[in-house]
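Written below as structure tokens is the structure these notes are about.
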Amino acid sequence: MTRCQSRAGSFIARFLVVSACAAALALPVDGVAGALRPQPRHPQRHPPQQQQQRQEEQQQQQLEASSAPAPSNAGPSFRDGQAQIVEAFADPAAWIREELWVEASFDSDGDGKPDRLHVAVVRPVQTETEGLQVPVIYESSPYFAGTSGARQYLWNVRQEVGAPSPPRASQPPVEPRIRPGISNSLVEDWVPRGFAVVHSEAPGTGLSEGCPTVGGPVESLAPKAVIDWLNGRAKGFTTPDGDQEVAAGWSTGKVGMTGTSYNGTLPVAAAATGVEGLEAIIPIAPNNSYYRYYRANGLVVHPGGWLGEDIDFLYDFVNSGNPERRAHCDATVRDGEMAAGRDRITGDYNDFWATRDLLRDVDGIRAATLMAHAFNDWNVKPEHSVLVYEALRRNGVPRRAYFHQGGHGGAPPFEMMNRWFTRYLYGVENGVEDEPKAWIVREDADRMSPTPYTEYPNPDAAPVALYPRAGGSQIGGLSLARGAGQGRETLIDNFSFGAQALAQAEWTDHRLLYESPELAAPVHLSGWARVTVRLASSKPAANLSVYVVSLPWVVGGRNPRGGIVTRGWADPQNHSSLTAGEPLVPGTFYDLTFELQPDDEIIPAGQRIGLMIFSSDRDFTLWPNPGTELTIDLDGTSIELPVVGGARALQQAFAR
Ligand SMILES: [Ca+2]
Ligand SMILES: [Ca+2]
Ligand SMILES: [Ca+2]
């Protein structure tokens with residue numbers, strides 16, 4: 001028990017912020033709190049005038065409370081370090097629901113006025129009747145008013161690599177669905193537990209003003225504005241164009257953000273601004289770099305399940321905002337900066353993508369981050385979360401990783417999220433920061449039962465190099481020892497054959513496949529695999545796909561299963577620069593090194609580890625005419641796997 005907790009049992013401590021516990025409100029960790037009127041923990045954040053106003057309001061509220069007949073004095077309750085359902089907060093009919101517009105710092109729709117963002121609040125009635133102040137759980141999204149995902153508007157991928165794409169027709173505008181309260185997500189979980197729940201629509205969507213920018217700076221500044229409003233630093237209005245203001249005096253100013261996919265990106269975007277008051281975030285499968293979402297190592301690569309999607313498709317997908325400003329937004333954003341900057345011809349990194357890359361801003365994050373992602377999320381690939389997580393580790397930011405083996409999305413167990421928000425929004429010293437950092441759901445486990453590890457990647461993992469042996473059209477060897485004089489082997493591109501068919505083929509010239517000995521013991525991989533390929537192409541441009549697989553491949557098999565372990569794609573033209581690829585000279589060999597998607601997987605005994613090299617990936621890359629030949633120099637090709645236990649563990653697993 002901490003010093004703060006030990007004092008929490010005293011009557012006085014329930015009502016006062018104990019100075020020795022500056023980082024924590026003096027709240028009982030177990031049992032029910034009495035009436036709670038926490039002062040904002042950082043009153044200096046408020047301008048003196050507002051601070052004075054707040055104090056006067058609170059004094060007035062205390063006067064009113066003292067003259068009221070029978071105040072219920074409802075307050076939050078904590079048990080096992082988690083906020084509990086409080087009966088007085090649990091009646092939805094009593095909740096205060098309000099909608100308003102927060103004035104942002106930008107004018108992205110070009111009408112000469114700051115954009116106002118549509119916000120909805122749900123909070124316990126006691127925040128109105130008893131002067132109770134509560135922290136906020138906040139979700140923002142461009143999706144709340146509906147989306148337009150008709151697949152005939154995806155880009156046609158049947159084109160040569162490095163050539164202009166066939167033209168794409170834009171989707172018709174989204175028919176907005178305006179719902180009262182914007183969204184019901186999170187509300188039933190958190191309002192009864194003593195939080196307010198806030199939703200806002202992203203710029204240019206629903207009833208929020210502005211233009212959709214799909215990752216542009218306004219998507220970071222918009223949630224920042226809402227958090228500023230919750231802290232008395234930005235103005236809210238009852239209407240999009242009126243001047244009647246509305247304040248958030250009921251808010252402690254402590255805000256937590258969460259959401260999945262795009263809605264998980266926005267918490268990272270807001271946190272990267274360093275905005276004060278955003279104390280904790282739980283991003284679930286966030287897309288933290290639009291370049292890595294639509295490109296890979298210089299190559300045009302599409303999100304899994306959305307072959308042909310590019311950033312302009314996603315713009316149309318969310319374009320549900322004010323029809324009067326739509327022509328302006330389409331012209332400046334979609335048909336302006338996106339058309340000029342996305343560069344679907346080379347796929348190289350540039351300033352356009354840099355402005356949509358939160359990895360560049362990640363040092364601004366101070367919010368305690370519980371990061372959730374899946375290692376088989378091929379829509380938003382796991383690197384998005386792992387790269388941010390690794391930056392938080394370098395920077396010493398409070399953090400936790402919850403990673404599972406499923407696909408896109410998947411929230412951590414509710415108790416884990418509750419303890420995270422309770423610790424950082426209510427200041428309850430429940431010890432989350434002293435617990436293991438990495439919670440990995442193992443292959444055969446329930447998704448709600450992760451296994452704790454000290455850190456991710458696993459601290460016992462070390463890179464171990466494996467080298468291919470000749471014979472890849474059938475199956476060559478994959479060995480711990482470099483074998484000189486293995487020579488060159490050639491594959492012929494053909495997008496007609498998917499990775500599964502290629503991995504299962506007994507013999508094919510459409511891929512090269514090398515496999516290890518059968519594993520005598522399980523092999524635990526944790527972290528990044530890194531491949532080096534020495535190759536020549538018969539054409540100036542070509543796709544390159546590299547998979548680590550577990551063989552034999554089992555179709556539709558459950559865990560433990562054979563199939564994809566991890567994979568990656570790259571443009572050989574970018575062998576020496578991500579921003580300036582160069583046409584390949586046919587017959588010339590190039591060395592190319594890149595990382596595959598980060599992973600944490602235990603490959604069971606009895607399987608073999610395979611390295612598969614091929615060209616076009618029918619599920620992800622462009623589909624050029626078949627026939628491009630890639631020649632691999634085996635003596636210059638290797639893969640480093642992040643093996644828990646290092647080379648010794650792999651040697652033991654390979655020993656027969
Ligand atoms: Ca405006
Ligand atoms: Ca390129
Ligand atoms: Ca895996």
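No lab work stands behind these numbers, since they all come straight from the coordinates. All of these numbers come straight from a predicted model, not from anything done at the bench. Ideal geometry is used to build each Cβ from the backbone, glycine not excepted, and the neighbour counts take in all protein chains shown.
Structure data summary
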| quantity | calculated |
| --- | --- |
| Calculated log₁₀ intensity ratio I(q)/I(0) where the Debye formula runs over C-alpha points of segment 233-347, q = 0.11, 0.20, 0.24 Å⁻¹ | -0.55, -1.20, -1.28 |
| Least to most buried among I440, I345 (fewest other Cβ within 10 Å first) | I345, I440 |
| For W155, distant residues with modelled amide H under 5 Å away | E309, D310 |
| Fraction of beta bridges assigned by DSSP in the chain that are antiparallel (%, nearest 5) | 70 |
| Net charge of neighbours whose Cβ lies under 9 Å from the Cβ of V432, counting Lys and Arg as +1 and Asp and Glu as -1 | 0 |
| Charge sum, other residues only, whose C-beta stays under 11 Å from E390's C-beta, Lys/Arg counted +1 and Asp/Glu -1 | +1 |
| Rounded FRET efficiency, nearest 0.05, which uses the C-beta distance separating R158 from S576 and R0 of 45 Å | 0.95 |
| Cα principal axis extents for the chain, largest first, Å | 91, 58, 37 |
| Rounded to 5, the percent of DSSP beta bridges in segment 475-574 classed as antiparallel | 80 |
| Length added when fully stretched, E415-T239, from 0.36 nm per residue minus Cα-Cα | 59.6 nm |
| Estimated FRET transfer efficiency (E98, R442; beta-carbon r; R0 60 Å; 0.05) | 0.85 |
| Efficiency of FRET between E518 and D460 - r from beta-carbon atoms, R0 25 angstrom, step 0.05 | 0.60 |
| Potential lengthening between R393 and W507 on full extension [0.36 nm per residue; Cα-Cα distance subtracted] | 36.5 nm |
| Convex hull volume per residue for segment 461-654, taking Cα atoms only, in Å³ | 105 |
| Ranked list, fewest to most other Cβ atoms within 10 Å of each Cβ, for E128, E429, E443 | E128, E443, E429 |
| In nm, spacing of pseudo-spin labels at T532 and I178 (7 Å Cα→C-beta vector) | 6.1 |
| Vicinal HN-Hα couplings computed from phi for segment 451-467 (Karplus, 6.51 cos²θ - 1.76 cosθ + 1.60; Hz; Gly/Pro x) | 9, x, 10, 4, 6, 10, x, 3, x, 8, 7, 9, x, 10, 8, 10, 10 |
| Inter-site label distance for K113 and A331 at 7 Å from Cα along Cβ, in nm | 2.1 |
| Centroid-to-centroid separation of segment 143-176 and segment 206-280 [C-alpha atoms, Å] | 29 |
| Separation of the R360 and A339 label points, Cα + 7 Å toward Cβ, nm | 2.3 |
| Overall Cα dimensions of segment 112-168 - principal axes, largest extent first, Å | 66, 30, 20 |
| Positive-end residue of Q82, P540, A647, charge dipole of the chain with Cβ unit charges | A647 |
| Those residues of segment 601-630 whose amide nitrogen sits under 15 Å from the label point placed on R168, 7 Å along Cα→Cβ | 620-623 |
| Segment I492-E433, length gained on full extension (0.36 nm per residue, minus Cα span) | 16.0 nm |
| Charge sum, other residues only, whose C-beta stays under 15 Å from L630's C-beta, Lys/Arg counted +1 and Asp/Glu -1 | -4 |
